[in-house]
Amino acid sequence: MKNEDGTPPTETAEALPQPVSAGLPRGTRNIAILAAALLLPTTVGCGLALGMKAAIGALVGGVLGLGNFWLLGRLVVQVTTGDELAVGPLLGRLLSKLAVLGICLYVLIAWASIDGLGLIAGLSVVIVSTMLSQAIGLVR
């Protein structure tokens, strides 16, 4: 890696990752793949331990969590590839995404009668895959 002026980075400076112009960054994509792989055992485990309603909740929660993670990853790519960082529109997009997620969760629990424990188990798949991905990265 080289600085903008063509000189190598100093020993104390950190090299920033290359900007991503399309798709998700490699680390984000790896986390999403790991989360998708963990969704099946989570769904089966909830089904065996808590019943079919919890398994459906885990599946719906996992899909919702993966979708939210993907949208957040795309937002990061769009922000980091732009020339200037506009805080207002970014904050508006993040808060609107959070509001839509909250409304979806309310509708799923209150009106669609999705099992709350299964939903939490499915949503936590992304968190667990993030921690596993970091642990795997430390081992390498």
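Quick rundown of the values:
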item: log₁₀ of I(q)/I(0) at q = 0.09, 0.11, 0.14, 0.15 Å⁻¹ - the range 26-139, Debye sum with one point per alpha carbon; result: -0.28, -0.42, -0.64, -0.72
item: Per-peptide average of other Cβ atoms within 10 Å, ordering 93-105, 45-57 highest first; result: 45-57, 93-105
item: The range 26-139, relative contact order [Cα under 8 Å, separation at least 6], %; result: 47 percent
item: Cβ-defined net charge surrounding LEU72, 12 Å radius [Lys, Arg +1; Asp, Glu -1]; result: +3
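Here, each number is a calculation from the coordinates, and none is a lab measurement. It should be emphasised that the depicted structure is a prediction, and the values quoted were computed from it without experimental measurement. Backbone-built Cβ (ideal geometry, glycine too); neighbour counts: all protein chains shown.
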